[in-house]
Amino acid sequence: MGSRSRALLVALLVGACGPSVQPGNYGDGGGGFEEIDAERDRPDDPDARPWTELDAGNAYPDAEGYPDGGVCDDWACTTPVTDGCGTTDVCGNGADEDCDGHPDDGCACTPGAVQECFLGPPGRRGVGSCVDGHQTCTGSGEFTQWGACTGGIRPGAEQCDGQDNDCNGCDDDNPSCCMVELACPGPGDMPDGVPYANYVIPGAGFFSGNVASWLWTVTGGPCDVLFQTTTTPLRQSFTLTGATTSTLTFRPTLSGDYTIRVVITATDGTVYECTFIVHIGGPGLRVELCSDRSANTDLDLHVHKPGTTTPWFSTTPTGFTNNPDDCFYSTCTAGDGGAANWGLATSPLANCSGGPEGPTWTALGYCRNPRLDVDSVYQNGRPENTNIDNPLNGALYRVMVAYFGGSGAVRPLVNIYCGGFLRASYGLGPDFATMTTSGGYGGGQMWRVVDAAPVVDGTGATTDCNLTALHPPATTTGYWITNNDRSY
Ligand SMILES: [Ca+2]
Ligand SMILES: [Ca+2]
Ligand SMILES: [Ca+2]
Ligand SMILES: [Ca+2]
């Protein structure tokens, strides 16, 4: 049963996703799925029960061995991975070596930096269903710490779903898994997607029984998480179509990891569930801005051309002639006539044609670099994104946020994605970058956030970034927010 379901899953995913999901730059390139050996975890020895309880002080209580006499003894895991818990948390690796539930606790870090982390015993990291999440460095000066490890897939109770949910090295090692009716996708099964393209997930491949209802939910990155508590009605940067049907069409606008969950209620009332990660990988350098008051304020994202220190907004400190060195709403959208032309090659139309300015880009026939592909003006739950698909290796791209319109305090959040991966979040709680004064074109408060230096390999692909968070001059902590000051 398990093997047949898995084969069905693979066949359906390939058939339905193939035409609508474009290859990403990472992972398997969107071309296929790993072969899965559903039989590998069924040892022949019916008496093998090697499980032991973990220490009581451990943050990850494990399942105990099941009682003798069950008819499914041969599902026991004969060689589970060792947890590898110790007494000291080693810094800089996002692993929780002391198993207290806090990866890299007590470790200094660079505020705003994001690292991959694993919320589970280090020995189970990357095993079975388990996928790393992310944690962001908070605090300032000498008082920095890694925040909570969120996202990813951590070890959970072993479900009968074709996956190794507790990440001990064995799929479905649970006596109730004599018959497995669910085939959830695991790491490597789902191809990477790209921003602005539909990502189709056919749930019928996960469960072949009779279904009463489907319910899909998606959890996105830092801005979408912020929007969950600050938008009314609830808005997210992505859209979902068919969220109560067997097939979900998910349309992201941002890079990063998305957690997909589907709850399947069978006609006999049994509830099944799959949770897995889909990675969306837009190329190059992508800067995302959102805030806690997106419906009531107009914040603008600016990215400055490397190698120049000309004023923000205008070519002169007090004038009103758009500065092409500053990529912002007045120079960097499809309708702006190519003002912010920094000599970078254009990108294929598919990289931007699905965005809000898609028809205008389509008329041009290409996507410009840089480009502001989403501009938010008092729009509930809408971020701003500036993309440079082909940045220069090592060049410093300075990021600035201007409080253009609205009134009252607003807390912007800026996320940096490099080569499709989240590398930093600035302004995330508790380290809010509160702005209070708007001022229109060239006025009001401006937050100089970070100098982002992409790492570009020999093929032109961005693989990472070196990030230097900006602080007020002559200081090493705090956010650099000035008022009515256009200087670089
Ligand atoms: Ca560690
Ligand atoms: Ca720890
Ligand atoms: Ca397992
Ligand atoms: Ca399982």
Residues of segment 298-328 classified as free of Cβ contacts under 8 Å to residues at least 24 places away in the same chain, farther than 23 Å from Ala452 by Cα and not polar (S, T, N, Q), total: 1
Looking at the structure I just gave you, is Val200 away from ligand 4 (no atom under 16 Å from the Cβ), touching a residue at least 24 places away in the same chain (Cβ under 8 Å) and over 28 Å from Gln135 (Cβ atoms)? yes
Segment 450-488, residues that are in a loop (DSSP other than H, G, I, E, B) and under 20 Å from the mean Cα position of the chain (by Cα): Ala461
Residues of segment 116-133 being assigned to a strand (DSSP E or B) and more than 14 Å from ligand 2 (Cβ to nearest atom), which ones? Glu116, Val131, Gly133
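Suppose the filter is away from ligand 3 (no atom under 16 Å from the Cβ), part of a loop (DSSP other than H, G, I, E, B), in contact with a Ser or Thr (Cβ under 8 Å, 6 or more places away or on another chain) and in contact (Cβ under 8 Å) with a residue 24 or more places away in the chain; does Thr110 pass it?
Values: away from ligand 3 (no atom under 16 Å from the Cβ): yes; part of a loop (DSSP other than H, G, I, E, B): yes; in contact with a Ser or Thr (Cβ under 8 Å, 6 or more places away or on another chain): yes; in contact (Cβ under 8 Å) with a residue 24 or more places away in the chain: yes.
So Thr110 passes the test.
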For segment 157-176, name all the residues that are within 16 Å of Val271 (Cβ to Cβ) and either more than 7 Å from ligand 4 (Cβ to nearest atom) or of a type in the set (S, T, N, Q) (or both). Ala157, Gln159, Asn165, Ser176
What strands (runs of 3 or more DSSP E), lying completely within segment 338-439, carry at least 2 residues that are farther than 21 Å from Pro283 by Cβ? 397-405, 412-418
I'm told Thr331 meets every condition in (1) surrounded by 17 or more Cβ atoms within 10 Å (Cβ to Cβ); (2) in contact (Cβ under 8 Å) with a residue 12 or more places away in the chain except one. Can you identify the failing condition by its number? (2)
Which one of the conditions (1) crowded, with 22+ Cβ neighbours inside 10 Å; (2) in a strand (DSSP E or B) does Asp164 fail to meet, given that it meets all the rest? (2)
Considering only segment 296-323, state which residues are outside any strand (DSSP E or B) and buried (at least 18 other Cβ atoms within 10 Å of the Cβ). Thr297, Lys305, Pro306, Thr310, Pro311, Trp312, Phe313, Asn323
Out of all the residues in segment 254-265, which are farther than 21 Å from Leu234 by Cα and free of Cβ contacts under 8 Å to residues at least 60 places away in the same chain? Thr265
Could you check segment 198-234 and list, in sequence order, the residues that are surrounded by 19 or more Cβ atoms within 10 Å (Cβ to Cβ), assigned to a loop (DSSP other than H, G, I, E, B) and under 23 Å from the mean Cα position of the chain (by Cα)? Gly220, Gly221, Thr231
Residue count, segment 257-295 (criterion: part of a strand (DSSP E or B) and more than 26 Å from Asp326 (Cβ to Cβ)): 20
Six or more apart or on different chains, Cβ atoms under 9 Å: show the pairs whose first residue is in segment 278-297 and on the phi > 0 side of the Ramachandran plot and whose second is surrounded by fewer than 23 Cβ atoms within 10 Å (Cβ to Cβ). Gly284/Ser347; Gly284/Asn390; Gly284/Val456; Gly284/Ala461
Which residue, of Asp268, Asp325, Asp257, is charged (D, E, K, R) and out of contact with any His (no Cβ under 9 Å at 6 or more places or on another chain)? Asp268
For Arg124, work out the one condition from (1) more than 16 Å from ligand 4 (Cβ to nearest atom); (2) of a type outside the set (A, V, I, L, M, F, W, C); (3) at pLDDT 95 or above; (4) closer than 30 Å to Gly420 by Cα it doesn't fulfil. (1)
Taking segment 429-478, which residues are surrounded by 15 or more Cβ atoms within 10 Å (Cβ to Cβ) and touching an Asp or Glu at 6+ places or on another chain (Cβ under 8 Å)? Ser438, Met446, Pro454, Val455, Thr463, Leu467, Leu470
Any chance segment 166-187 includes a residue that's under 20 Å from Gly256 (Cα atoms) and either touching an Asp or Glu at 6+ places or on another chain (Cβ under 7 Å) or within 16 Å of ligand 2 (Cβ to nearest atom) (or both)? no
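The values are calculated or read from the model by the stated rules, or taken from the named source; none is laboratory data. Predicted, not measured: the structure shown is a model, and the values here were computed from it. Cβ atoms come from the backbone with ideal geometry, glycine included; neighbour counts cover every protein chain shown.
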